[in-house]
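Structure first, then comments.
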Amino acid sequence: MEKLIFIIDDEDSIVKMLTHWVKNQWNYRIKTFTTGTDALNSFSDNPDLVLLDIMLPDINGNEVLNRMKQKSPQLPIIMLSAQGSVEVALESIRLGAFDYFPKPIDKDRLEPAIKNAIKNYDLEREIENLKDAIKREYSFDNIISADKKMQEAFKMVSKVLDNEITVLITGESGTGKELVARAIHYNGKRKAAPFVVVNCASIPRELLESELFGHEKGAFTGAHARKIGKFELAKGGTIFLDEIGEMEMSLQAKILRVIQQKEFERVGGNEVIKTDVRIISATNRDLKSAVDNKQFREDLYYRLSSFPIHILPLRERKGDIVILIDHFIKIFNKKIGKEIKNVSKAALKIMYDYDWPGNVRELENTIERCMILSDGDYIEADVLPANISGVLGTPGSNTHGVLFGEDSHVVPFEKLKEEAIRHALKATQGNIVEAARKLKIGRATLYRLMDKYKIESPKD
């Protein structure tokens, strides 16, 4: 639709001239007004730009400008005046005018000014729409759960959105810890500033300090230039330290300093850098036990856990399975262009009985896979992955299949180990730390076995 421009001026010759330029030559829609009152009463028409004379018969143009800016702060308003004084121009700009034109109006200047003003206005509206979309996407309303304990937890979180208290989110991999962290950020007072994620388990220990705090040129071999760390990038916003339980003790001390003194130095540097960030951390480990075992600093633990939030695994909130399935079906119907209505009763029974070690993330991935494979209106049991349907009889699941039944085939031991590793990696979305924990083996052992069986970690 063509852009709408309000022309507000009581001089008939000026209105005719502007109408000829704006409508006939530049192809904008226009509405003309001879009084500020009439223009204000028609403001619901949502103009894209206003050409406003300062001297009006009823209300001073600057007053009209002020009232319009109260209703639409980003709306571009170009002031027109026969007075042509610097003082008048400065006052208009101070009140929020986009530009000022003395009369007689310079046509060659006015056209690009209108184009630039509308272009900037469109961009600002697009940015605001994106911000609103992000806020809706990360609203707590989109963290789907009918579980009473989860609802109580989210209600508590809503009370700490606008303060600086440190939040520790605990829960198994795939439960949605990062989604909760984003909801806290995008619904709080820091929402306009960056949200920066650091996965402490996925970054090699020797590089994590540089990743967090940056480094100076020449700080170590390969440091060819200064690097800005995540704490600097997150200035004014939130830094999310995921899997903080995997952070080594020496680095924990530096995180503690950031929390207590709000300052740090880059690796290899002496400059003290002040920081203004909110810290939200998450872990799938029992940090209290790690403290007791001298694997995590006690003072840091209490600093991080000022406001703890625990996200229940999906197996402990079975009632959410049905509503999550419905939610993901709606999402993927749009994404892949299908019209799947629901899952069959047989498939739902299997999915309800399954333990979902990968939690909500595993359920989401399963629904997407099944919808791609499904040809009918419903997801049937025969398109469910083997580990869920019980064909493999995965350990720890409550499916109708069994690992060693009377009629089951004997599977070579090496094959069982390989399948166990593949399943653990799939269930944890390739999280080596979590997969090793679930398998009750060390990370080094897991890497060795992955190499032996030529298993590549799945990508998120």
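One table, with the values for the structure above:
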quantity	calculated
Simple spin-label estimate for residue 151 and residue 445 in nanometres, 7 Å along Cα-Cβ	4.3
Length-normalised contact order of the chain in % [C-alpha pairs under 8 Å, at least 6 apart]	10
Residues residue 416 and residue 378, FRET efficiency given R0 of 30 Å [Cβ-Cβ distance, rounded to 0.05]	0.35
Listed residues 61, 24, 8: farthest to the positive end of the dipole of the range 4-134 (Cβ charges)	24
Helical segments meeting 15 Å axial Cα length and Kyte-Doolittle -1.0 threshold in the chain (DSSP H)	249-261, 319-336, 359-373, 413-427
Residue 334 paired with residue 11, simple spin-label distance in nm, labels 7 Å along Cα-to-beta-carbon	5.2
Distance between modelled label sites at residue 126 and residue 59, nm, 7 Å Cα→Cβ extension	3.2
Cα gyration tensor shape of the range 148-312, rounded if a/c is under 1.5, else prolate or oblate by comparing a/b with b/c	prolate
Two-site FRET efficiency, residue 276 against residue 220, from Cβ-Cβ distance with R₀ of 35 Å, rounded to 0.05	0.80
Charge dipole (debye, nearest 20) of the chain; +1 at Cβ of Lys and Arg, -1 at Cβ of Asp and Glu	1060
Alpha-carbon radius of gyration plus Dmax, which is the widest Cα pair, for the range 211-286 in Å	12.8, 39
Filtered chymotrypsin sites (Phe, Trp or Tyr not before Pro), the range 280-336: DSSP coil and at most 11 other beta carbons within 10 Å	none
Enclosed volume per residue, in Å³, of the convex hull spanned by Cα atoms of the chain	229
Gain on full stretching of the segment that runs from residue 108 to residue 369 - 0.36 nm per residue minus C-alpha separation	88.1 nm
C-alpha center-to-center spacing [the range 419-460, the range 169-205] in angstrom	24
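Each reported figure results from applying straightforward, stated rules to the coordinates on display, with no laboratory input. Quick caveat, the model's predicted, so the values are computed rather than measured. Quick reminder, even Gly has a Cβ in these numbers, built from the backbone with ideal geometry, and neighbours come from all protein chains shown.
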